[in-house]
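The values are calculated or read from the model by the stated rules, or taken from the named source; none is laboratory data. Keep in mind that this is a model prediction, so the values were computed, not measured. Heads up, the Cβs are rebuilt from the backbone with ideal geometry, glycines too, and the neighbour counts pull from every protein chain shown. Each accessible area value is taken on the protein alone, full model and side chains, heavy atoms only, with ligands, DNA and RNA left out. Shrake-Rupley method; radii C 1.70, N 1.55, O 1.52, S 1.80 Å.
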Amino acid sequence: MKVTEHISRADKTLFSFEILPPVKGKSIESIFNLLDPLMEFKPSFITVTDHRSEQIFKRKSDGSFDRIDIRKRPGTVGICAALMNHYKVDAVPHLICGGFSNDETENALIDLNFLGIDNVLALRGDPPKNEKYFTAHPNGHNYAIDLIKQIEKLNKGIYEEEEIQEGVKTDFCIGVAGYPEKHYESPNPDLDVMYLKKKIDAGAEYVTTQMFFDNSKYHAFVKKCRETQIDVPVIPGLKPITSKKQLSGIPSIFHVDIPNDLAMEMMKCKNEKDTEIVGEEWLLMQVKDLIAAGVPVIHFYTLGKPHIVYNVMKKVL
Ligand code: FAD
(Lines give C-alpha, C1' and ligand atoms only; values in the text may rest on other atoms or scores of the structure.)
Protein backbone atom coordinates (compact mmCIF):
# COMPACT_ATOMS: atom_id res chain seq x y z
CA MET A 1 0.00 0.00 0.00
CA LYS A 2 1.15 3.54 -0.69
CA VAL A 3 2.40 5.70 2.18
CA THR A 4 -0.32 8.24 1.34
CA GLU A 5 -3.00 5.52 1.59
CA HIS A 6 -1.72 4.51 5.02
CA ILE A 7 -2.01 8.13 6.10
CA SER A 8 -5.43 8.80 4.63
CA ARG A 9 -6.89 5.64 6.26
CA ALA A 10 -5.47 6.35 9.73
CA ASP A 11 -7.28 8.07 12.58
CA LYS A 12 -4.15 8.38 14.73
CA THR A 13 -0.42 8.91 14.39
CA LEU A 14 1.33 6.05 12.58
CA PHE A 15 4.92 4.87 13.01
CA SER A 16 7.65 3.89 10.59
CA PHE A 17 11.31 2.89 10.79
CA GLU A 18 14.37 3.45 8.64
CA ILE A 19 17.12 0.88 8.23
CA LEU A 20 20.41 0.69 6.33
CA PRO A 21 21.30 -2.27 4.13
CA PRO A 22 24.04 -4.34 5.80
CA VAL A 23 27.56 -3.80 4.50
CA LYS A 24 28.58 -6.07 1.63
CA GLY A 25 29.39 -9.57 2.85
CA LYS A 26 26.97 -9.47 5.82
CA SER A 27 23.70 -11.34 5.93
CA ILE A 28 20.18 -9.97 6.14
CA GLU A 29 19.84 -11.60 9.57
CA SER A 30 21.28 -8.45 11.14
CA ILE A 31 18.30 -6.52 9.75
CA PHE A 32 15.79 -9.08 11.00
CA ASN A 33 17.45 -9.10 14.45
CA LEU A 34 17.15 -5.30 14.58
CA LEU A 35 13.56 -5.20 13.38
CA ASP A 36 12.09 -8.29 15.10
CA PRO A 37 11.38 -6.56 18.44
CA LEU A 38 10.13 -3.38 16.74
CA MET A 39 7.57 -5.25 14.61
CA GLU A 40 5.48 -5.58 17.79
CA PHE A 41 4.47 -1.94 17.16
CA LYS A 42 3.10 -2.69 13.69
CA PRO A 43 4.94 -0.02 11.71
CA SER A 44 3.02 1.14 8.65
CA PHE A 45 6.14 0.95 6.52
CA ILE A 46 9.89 0.49 6.75
CA THR A 47 12.24 2.57 4.64
CA VAL A 48 15.57 1.31 3.36
CA THR A 49 18.41 3.72 2.61
CA ASP A 50 20.31 3.80 -0.66
CA HIS A 51 24.08 4.28 -0.95
CA ARG A 52 26.27 5.40 -3.79
CA SER A 53 29.61 3.84 -4.59
CA GLU A 54 32.77 5.17 -3.00
CA GLN A 55 36.10 5.49 -4.69
CA ILE A 56 39.07 3.74 -3.15
CA PHE A 57 42.66 3.65 -4.36
CA LYS A 58 44.47 0.29 -4.64
CA ARG A 59 48.24 0.21 -4.95
CA LYS A 60 49.50 -1.80 -7.93
CA SER A 61 52.74 -3.82 -8.00
CA ASP A 62 54.49 -1.00 -9.93
CA GLY A 63 53.66 1.46 -7.15
CA SER A 64 50.97 3.31 -9.07
CA PHE A 65 47.33 3.35 -7.95
CA ASP A 66 44.09 2.10 -9.46
CA ARG A 67 40.94 4.05 -8.66
CA ILE A 68 38.14 1.57 -7.93
CA ASP A 69 34.44 2.17 -7.34
CA ILE A 70 32.95 0.02 -4.58
CA ARG A 71 29.42 -0.01 -3.19
CA LYS A 72 29.68 -0.87 0.47
CA ARG A 73 25.93 -1.15 1.03
CA PRO A 74 24.21 -2.49 -2.06
CA GLY A 75 20.86 -4.24 -1.90
CA THR A 76 18.21 -1.58 -1.22
CA VAL A 77 15.75 -3.12 -3.68
CA GLY A 78 16.44 -6.70 -2.55
CA ILE A 79 16.07 -5.82 1.13
CA CYS A 80 12.73 -4.13 0.45
CA ALA A 81 11.49 -7.30 -1.21
CA ALA A 82 12.83 -9.43 1.66
CA LEU A 83 11.09 -7.22 4.27
CA MET A 84 7.78 -7.39 2.45
CA ASN A 85 8.09 -11.13 2.16
CA HIS A 86 9.27 -11.73 5.73
CA TYR A 87 7.06 -9.32 7.66
CA LYS A 88 4.24 -8.58 5.18
CA VAL A 89 4.96 -4.90 5.73
CA ASP A 90 5.23 -2.14 3.15
CA ALA A 91 8.81 -1.27 2.32
CA VAL A 92 9.90 2.09 0.95
CA PRO A 93 13.18 2.11 -0.94
CA HIS A 94 15.21 5.31 -0.98
CA LEU A 95 16.44 6.04 -4.48
CA ILE A 96 19.31 8.48 -4.93
CA CYS A 97 20.53 10.30 -8.04
CA GLY A 98 24.22 10.37 -7.03
CA GLY A 99 26.34 7.79 -8.82
CA PHE A 100 23.53 6.43 -10.99
CA SER A 101 22.71 6.97 -14.66
CA ASN A 102 19.10 7.49 -15.70
CA ASP A 103 19.13 4.03 -17.30
CA GLU A 104 20.29 2.39 -14.06
CA THR A 105 17.56 4.28 -12.20
CA GLU A 106 14.99 3.11 -14.71
CA ASN A 107 16.12 -0.50 -14.26
CA ALA A 108 15.80 -0.17 -10.47
CA LEU A 109 12.29 1.25 -10.88
CA ILE A 110 11.34 -1.61 -13.20
CA ASP A 111 12.58 -4.11 -10.60
CA LEU A 112 10.57 -2.35 -7.88
CA ASN A 113 7.46 -2.42 -10.02
CA PHE A 114 7.88 -6.16 -10.73
CA LEU A 115 8.23 -6.76 -7.00
CA GLY A 116 4.98 -4.95 -6.24
CA ILE A 117 6.71 -2.09 -4.42
CA ASP A 118 4.76 1.08 -5.07
CA ASN A 119 6.61 3.60 -2.88
CA VAL A 120 9.86 5.45 -3.52
CA LEU A 121 11.63 8.14 -1.50
CA ALA A 122 13.33 10.24 -4.20
CA LEU A 123 16.59 11.89 -3.13
CA ARG A 124 19.58 13.57 -4.65
CA GLY A 125 22.18 11.99 -2.35
CA ASP A 126 25.32 13.58 -0.91
CA PRO A 127 28.73 14.00 -2.52
CA PRO A 128 31.08 11.02 -2.16
CA LYS A 129 33.12 11.10 1.09
CA ASN A 130 36.27 12.52 -0.50
CA GLU A 131 34.47 15.25 -2.48
CA LYS A 132 33.05 18.56 -1.29
CA TYR A 133 30.38 19.20 -3.91
CA PHE A 134 27.74 16.98 -5.42
CA THR A 135 28.29 16.17 -9.07
CA ALA A 136 25.80 14.13 -11.02
CA HIS A 137 26.60 11.00 -13.01
CA PRO A 138 27.31 12.13 -16.63
CA ASN A 139 23.96 10.59 -17.62
CA GLY A 140 22.23 11.16 -14.30
CA HIS A 141 20.27 13.76 -12.38
CA ASN A 142 21.49 16.93 -10.66
CA TYR A 143 18.58 17.29 -8.25
CA ALA A 144 15.91 15.14 -6.65
CA ILE A 145 13.30 16.97 -8.73
CA ASP A 146 14.80 15.47 -11.91
CA LEU A 147 14.44 11.99 -10.43
CA ILE A 148 10.82 12.76 -9.52
CA LYS A 149 10.19 13.80 -13.12
CA GLN A 150 11.68 10.51 -14.34
CA ILE A 151 9.46 8.50 -11.99
CA GLU A 152 6.41 10.53 -12.99
CA LYS A 153 7.19 9.83 -16.66
CA LEU A 154 7.38 6.11 -15.89
CA ASN A 155 4.02 6.45 -14.12
CA LYS A 156 2.72 7.63 -17.50
CA GLY A 157 4.43 4.74 -19.32
CA ILE A 158 7.24 6.87 -20.78
CA TYR A 159 10.58 5.07 -20.59
CA GLU A 160 14.15 6.26 -21.07
CA GLU A 161 14.49 3.82 -23.95
CA GLU A 162 12.76 5.70 -26.71
CA GLU A 163 11.91 2.56 -28.71
CA ILE A 164 9.56 1.38 -25.97
CA GLN A 165 6.06 2.16 -27.18
CA GLU A 166 3.09 1.80 -24.87
CA GLY A 167 5.26 0.70 -21.95
CA VAL A 168 3.46 -0.43 -18.84
CA LYS A 169 2.53 2.47 -16.54
CA THR A 170 3.97 2.23 -13.06
CA ASP A 171 2.10 3.69 -10.09
CA PHE A 172 4.74 4.89 -7.67
CA CYS A 173 3.90 7.07 -4.70
CA ILE A 174 6.83 9.48 -4.38
CA GLY A 175 8.14 10.92 -1.13
CA VAL A 176 10.87 13.54 -0.78
CA ALA A 177 13.20 14.95 1.87
CA GLY A 178 12.57 18.23 3.72
CA TYR A 179 14.79 20.12 6.13
CA PRO A 180 13.32 21.92 9.17
CA GLU A 181 16.76 23.44 9.76
CA LYS A 182 17.33 24.00 6.01
CA HIS A 183 19.48 21.92 3.70
CA TYR A 184 23.13 22.74 4.32
CA GLU A 185 23.76 23.95 0.76
CA SER A 186 20.74 26.21 0.59
CA PRO A 187 21.43 29.95 0.88
CA ASN A 188 18.39 30.41 3.16
CA PRO A 189 15.28 28.59 4.46
CA ASP A 190 12.90 30.40 2.07
CA LEU A 191 14.76 29.23 -1.02
CA ASP A 192 15.00 25.71 0.38
CA VAL A 193 11.23 25.55 0.88
CA MET A 194 10.69 27.05 -2.58
CA TYR A 195 12.63 24.14 -4.07
CA LEU A 196 10.68 21.74 -1.87
CA LYS A 197 7.47 23.19 -3.34
CA LYS A 198 8.84 22.52 -6.82
CA LYS A 199 9.39 18.87 -5.86
CA ILE A 200 5.78 18.63 -4.71
CA ASP A 201 4.51 20.34 -7.87
CA ALA A 202 6.56 17.84 -9.90
CA GLY A 203 4.63 14.93 -8.31
CA ALA A 204 5.91 14.18 -4.81
CA GLU A 205 3.07 13.30 -2.43
CA TYR A 206 4.64 13.59 1.00
CA VAL A 207 7.74 14.90 2.75
CA THR A 208 9.89 13.12 5.32
CA THR A 209 12.05 15.47 7.33
CA GLN A 210 15.66 15.39 8.29
CA MET A 211 16.09 14.58 11.98
CA PHE A 212 15.61 17.41 14.46
CA PHE A 213 15.89 17.59 18.24
CA ASP A 214 13.84 20.72 18.81
CA ASN A 215 10.19 20.18 17.90
CA SER A 216 9.57 23.91 17.54
CA LYS A 217 11.74 23.76 14.41
CA TYR A 218 9.49 21.08 12.93
CA HIS A 219 6.32 23.02 13.77
CA ALA A 220 7.78 26.22 12.24
CA PHE A 221 8.80 24.27 9.14
CA VAL A 222 5.31 22.84 8.67
CA LYS A 223 3.87 26.35 9.07
CA LYS A 224 6.26 27.65 6.41
CA CYS A 225 5.33 24.76 4.12
CA ARG A 226 1.62 25.53 4.50
CA GLU A 227 2.25 29.25 3.82
CA THR A 228 4.07 28.16 0.64
CA GLN A 229 1.03 26.06 -0.42
CA ILE A 230 2.78 22.78 0.33
CA ASP A 231 -0.27 20.84 1.48
CA VAL A 232 1.05 17.27 1.55
CA PRO A 233 1.81 15.32 4.77
CA VAL A 234 5.11 16.30 6.41
CA ILE A 235 6.42 13.27 8.30
CA PRO A 236 8.79 14.14 11.15
CA GLY A 237 11.99 12.09 11.30
CA LEU A 238 13.43 11.42 14.77
CA LYS A 239 16.70 9.91 15.87
CA PRO A 240 17.67 8.90 19.40
CA ILE A 241 20.83 10.63 20.56
CA THR A 242 22.66 8.36 22.95
CA SER A 243 26.27 9.41 23.43
CA LYS A 244 28.36 12.49 24.12
CA LYS A 245 30.24 11.88 20.88
CA GLN A 246 27.05 12.52 18.95
CA LEU A 247 26.80 16.04 20.39
CA SER A 248 29.39 17.10 17.84
CA GLY A 249 29.03 14.20 15.37
CA ILE A 250 25.37 14.73 14.52
CA PRO A 251 25.62 18.48 13.79
CA SER A 252 28.68 17.96 11.59
CA ILE A 253 27.13 15.11 9.58
CA PHE A 254 23.49 16.15 9.41
CA HIS A 255 23.74 19.94 9.82
CA VAL A 256 21.21 20.14 12.64
CA ASP A 257 21.48 21.76 16.08
CA ILE A 258 21.36 20.00 19.43
CA PRO A 259 19.31 22.09 21.90
CA ASN A 260 21.29 23.43 24.82
CA ASP A 261 19.15 21.69 27.48
CA LEU A 262 19.79 18.31 25.87
CA ALA A 263 23.52 18.98 25.42
CA MET A 264 23.91 20.14 29.02
CA GLU A 265 22.10 17.08 30.41
CA MET A 266 24.28 14.79 28.27
CA MET A 267 27.48 16.50 29.41
CA LYS A 268 26.58 15.83 33.06
CA CYS A 269 26.37 12.06 32.41
CA LYS A 270 29.11 9.86 33.82
CA ASN A 271 28.68 6.82 31.57
CA GLU A 272 26.95 5.47 28.46
CA LYS A 273 24.02 4.11 30.44
CA ASP A 274 23.24 7.60 31.74
CA THR A 275 23.57 9.24 28.31
CA GLU A 276 21.16 6.66 26.90
CA ILE A 277 18.64 7.49 29.62
CA VAL A 278 18.88 11.21 28.80
CA GLY A 279 18.53 10.50 25.06
CA GLU A 280 15.56 8.21 25.62
CA GLU A 281 13.76 10.76 27.78
CA TRP A 282 14.34 13.46 25.19
CA LEU A 283 13.04 11.25 22.39
CA LEU A 284 9.97 10.36 24.48
CA MET A 285 9.27 14.04 25.05
CA GLN A 286 9.54 14.75 21.30
CA VAL A 287 7.27 11.81 20.43
CA LYS A 288 4.58 12.79 22.95
CA ASP A 289 4.54 16.37 21.66
CA LEU A 290 4.29 15.26 18.03
CA ILE A 291 1.46 12.81 18.78
CA ALA A 292 -0.37 15.58 20.64
CA ALA A 293 0.10 17.81 17.59
CA GLY A 294 -1.54 15.10 15.45
CA VAL A 295 1.33 14.43 13.05
CA PRO A 296 0.45 11.77 10.45
CA VAL A 297 3.44 9.48 11.01
CA ILE A 298 6.51 9.48 13.24
CA HIS A 299 9.49 8.12 11.35
CA PHE A 300 12.38 6.75 13.42
CA TYR A 301 15.93 6.71 12.16
CA THR A 302 16.41 3.39 13.91
CA LEU A 303 20.01 2.80 12.89
CA GLY A 304 22.27 1.63 15.72
CA LYS A 305 20.06 1.96 18.79
CA PRO A 306 16.77 0.16 18.19
CA HIS A 307 16.28 -0.59 21.91
CA ILE A 308 15.87 3.14 22.63
CA VAL A 309 13.13 3.37 20.00
CA TYR A 310 11.61 0.20 21.47
CA ASN A 311 11.52 1.63 24.99
CA VAL A 312 9.94 4.87 23.79
CA MET A 313 7.34 3.06 21.69
CA LYS A 314 6.43 0.87 24.69
CA LYS A 315 5.67 4.03 26.65
CA VAL A 316 3.50 5.72 24.04
CA LEU A 317 1.47 2.77 22.71
P1 FAD B 1 17.42 18.19 -3.46
O2 FAD B 1 15.98 18.31 -3.20
O3 FAD B 1 17.85 17.99 -4.88
O4 FAD B 1 18.11 19.50 -2.87
C5 FAD B 1 19.53 19.62 -2.78
C6 FAD B 1 19.90 21.08 -2.60
O7 FAD B 1 19.69 21.79 -3.82
C8 FAD B 1 19.08 21.85 -1.57
O9 FAD B 1 19.93 22.83 -0.99
C10 FAD B 1 17.96 22.50 -2.37
O11 FAD B 1 17.50 23.69 -1.75
C12 FAD B 1 18.68 22.80 -3.67
N13 FAD B 1 17.84 22.63 -4.86
C14 FAD B 1 16.85 21.73 -5.06
N15 FAD B 1 16.38 21.83 -6.33
C16 FAD B 1 17.12 22.79 -6.93
C17 FAD B 1 17.13 23.34 -8.25
N18 FAD B 1 16.28 22.88 -9.18
N19 FAD B 1 18.05 24.31 -8.54
C20 FAD B 1 18.91 24.77 -7.58
N21 FAD B 1 18.93 24.28 -6.31
C22 FAD B 1 18.05 23.30 -6.00
N23 FAD B 1 21.22 10.23 1.31
C24 FAD B 1 21.66 9.08 0.77
O25 FAD B 1 22.74 9.04 0.17
N26 FAD B 1 20.91 7.92 0.87
C27 FAD B 1 19.73 7.89 1.51
O28 FAD B 1 19.10 6.83 1.59
C29 FAD B 1 19.24 9.09 2.11
N30 FAD B 1 18.04 9.12 2.75
C31 FAD B 1 17.56 10.31 3.24
C32 FAD B 1 16.30 10.34 3.84
C33 FAD B 1 15.79 11.52 4.36
C34 FAD B 1 14.41 11.55 4.98
C35 FAD B 1 16.56 12.71 4.31
C36 FAD B 1 16.05 13.99 4.90
C37 FAD B 1 17.83 12.70 3.70
C38 FAD B 1 18.33 11.50 3.16
N39 FAD B 1 19.57 11.44 2.52
C40 FAD B 1 20.03 10.27 1.97
C41 FAD B 1 20.43 12.64 2.45
C42 FAD B 1 20.16 13.47 1.15
O43 FAD B 1 20.51 12.71 0.03
C44 FAD B 1 21.01 14.73 1.25
O45 FAD B 1 20.53 15.57 2.26
C46 FAD B 1 21.23 15.49 -0.05
O47 FAD B 1 22.30 16.42 0.17
C48 FAD B 1 20.04 16.28 -0.55
O49 FAD B 1 19.05 15.46 -1.02
P50 FAD B 1 17.62 16.05 -1.47
O51 FAD B 1 16.86 14.96 -2.05
O52 FAD B 1 17.03 16.85 -0.38
O53 FAD B 1 18.13 17.05 -2.64
Inset, instruction - Return the long-range amide H neighbours of N119 (sequence gap of 5 or more, or a different chain), with a cut-off of under 5 Å between placed amide H atoms. - result: C173
Inset, instruction - Name the residue, out of K182, K273, K305, whose mean-square fluctuation peaks in a Gaussian network model built on the chain with Cα pairs under 10 Å. - result: K273
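Any idea what the relative contact order of the range 3-316 is, in percent, if you count C-alpha pairs under 8 Å spaced at least 6 apart?
About 17 percent, as a whole number.
Any idea what the relative contact order of the range 118-198 is, in percent, if you count C-alpha pairs under 8 Å spaced at least 6 apart?
Worked out over the range 118-198, it gives 32 percent.
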Inset, instruction - Heavy atoms only, probe 1.4 angstrom, no DNA, RNA or ligands counted: give me Y184, Y179 ranked by accessible area, highest first. - result: Y184, Y179
Inset, instruction - Can you tell me which of 3-13, 142-152 comes out highest on packing, and rank the rest after it, using the mean Cβ neighbours within 10 Å? - result: 142-152, 3-13
Inset, instruction - May I ask you to order 44-55, 242-253 by the average number of other C-beta atoms within 10 Å around their residues, highest value first? - result: 44-55, 242-253
Legend entry - Lys/Arg +1, Asp/Glu -1 at C-beta; the range 3-316 dipole; positive extreme among T135, S252, I158: S252
Legend entry - Å³ per residue enclosed by the Cα convex hull of the range 80-120: 61 Å³
Inset, instruction - Using a 10 angstrom cutoff on alpha carbons, build the Gaussian network for the chain and name the most mobile of E276, E18, E163. - result: E163
Inset, instruction - Kindly flag which residue pairs out of K58/K149; K88/K314; K24/K132; K224/K270; K12/K199 have an alpha-carbon separation exceeding 31 Å in this structure. - result: K58/K149; K224/K270
Inset, instruction - For K198, go through the aspartates and glutamates and keep the ones whose alpha-carbon is under 19 Å away, minus same-chain ones fewer than eight residues off. - result: D146, E152, E181, E185, D190, E227, D231
Inset, instruction - Return the single residue from D231, D190, D69 with maximal mean-square fluctuation; model: Gaussian network over the chain, springs between Cα atoms under 10 Å. - result: D69
Inset, instruction - Determine the gain in length on full extension of the stretch E104-D66; use 0.36 nm per residue of separation and subtract their C-alpha separation, reporting nm with one decimal. - result: 11.3 nm
Inset, instruction - Please give the peptides 32-42, 201-211 ranked by average Cβ packing (other Cβ atoms within 10 Å per residue), highest first, as a rough proxy for protection. - result: 201-211, 32-42
Inset, instruction - Give the dimensionless ratio obtained when the Cα radius of gyration of the range 3-316 is divided by 2.2 N^0.38 Å. - result: 1.02
